[in-house]
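Working notes, structure below.
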């Protein structure tokens, strides 16, 4: 890559190093990167002496969920297929570093020429899959130089991206390093065709396949099931942030007969204490009642303070609010919509194709303040027919968009499921 790109990467690396003095996530990232090559070497020795059959790189948890259906299908069909999984974000690595469907999980070191050469030499991957937005120039250039087949899956492109700007030549060169690109929609294919890149297949978004698999394999939580049946309506707030809570908690307080299950995006002690204080004495942590046969009388709100439960408990809700829309972007809408829950979310959803799809079909609703939130949720709560229709539309939208994983498995791995 050119000197300007490398300068940017090195500047970013120095900023993260400076931040690591006071920032736990930055510190974990740097420490994890320092261990990456040793972890790969040990895994190669134990499991993949000839190199990993596949290297999958994701940014964080959201992209991991897009890669997961592909990874698990490969392992079902070819159990001995060796897979290396890398994360860039601590939010992904720290949650999934023990993921048992791959042979090694590591942090991806910063995209310098030296790091790219060392990583690829250590891993010796036979094929590589990047997910959605991952464009690291030095890694991609080195893979191209070594003629290692490299693919982008669940890609999504927008006119605002630098690929489509007059000054975006460097980014456009990255596209040519991919053996093939699988995009989510026709609009993305059209944008790439407009800059002369035609090595593209419209496959869809593998997250639709993932949430469908999760729905089919979820576990029952009898105490939550019984608790939600005692009220006319249950709101589930998934990946909730304080900015979301400033809007929906006052509404809940004005509707005391409605139950809510709240899964904060992060839940350290201070965060949980603040959330409980806002909700009041009729709120309880899941860790306090998970082993009980029934939820105690008088509990109106349950705060989920663990990972791995949210995707199963959407089934007990009637409406979902998905957080993040007042920050970097909304979280997983599909995870709730697959159960037929109408989804409400904040204004920062422009990068998410599924947000527009759900809005267009009538299964999703966006709000930017308390007034618009109250308008949408009140319309659903006060009209049983409107709620049922929105539920059907949300579920139908998911069903209409499954199938991306099958295309990718067939094309890249010659696997038919």
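List the residue pairs whose Cβ atoms are under 7 Å apart, where the first residue sits in the range 349-361 and is touching a residue at least 24 places away in the same chain (Cβ under 8 Å), the second is crowded, with 21+ Cβ neighbours inside 10 Å and part of a helix (DSSP H, G or I), and the two are 6 or more positions apart or on different chains.
349/355; 354/334; 357/397; 358/337; 358/394; 358/397; 361/397
Give the range 100-114 a look and list any residue that's free of Cβ contacts under 8 Å to residues at least 24 places away in the same chain and in a helix (DSSP H, G or I), or say none.
114
Scan the range 296-322 residue by residue and report those that are part of a loop (DSSP other than H, G, I, E, B), at pLDDT below 95 and buried (at least 19 other Cβ atoms within 10 Å of the Cβ).
305
Could you check the range 183-210 and list, in sequence order, the residues that are touching a residue at least 60 places away in the same chain (Cβ under 8 Å) and either crowded, with 24+ Cβ neighbours inside 10 Å or in a loop (DSSP other than H, G, I, E, B) (or both)?
Of everything in the range 183-210, those that are touching a residue at least 60 places away in the same chain (Cβ under 8 Å) and either crowded, with 24+ Cβ neighbours inside 10 Å or in a loop (DSSP other than H, G, I, E, B) (or both) turn out to be 184, 185, 203, 204, 205, 206, 207, 208, 209, 210.
A quick yes/no check of all residues on (1) surrounded by 17 or more Cβ atoms within 10 Å (Cβ to Cβ); (2) within 30 Å of residue 296 (Cβ to Cβ); (3) modelled with pLDDT of 95 or more:
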position	(1), (2), (3)
163	yes, no, no
172	no, no, no
216	no, no, no
238	yes, yes, yes
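Taking residue 288 as meeting all but one of (1) surrounded by 16 or more Cβ atoms within 10 Å (Cβ to Cβ); (2) over 25 Å from residue 387 (Cα atoms); (3) over 27 Å from the mean Cα position of the chain (by Cα), write down the number of the exception.
For residue 288, the failing item is (1).
Read through the list (1) modelled with pLDDT of 95 or more; (2) over 14 Å from the mean Cα position of the chain (by Cα); (3) closer than 22 Å to residue 16 by Cα, then give the number of the only condition that residue 97 fails.
(1)
The values are calculated or read from the model by the stated rules, or taken from the named source; none is laboratory data. In this text the structure is predicted, and so the values were computed from the model without any measurement. Heads up, the Cβs are rebuilt from the backbone with ideal geometry, glycines too, and the neighbour counts pull from every protein chain shown.
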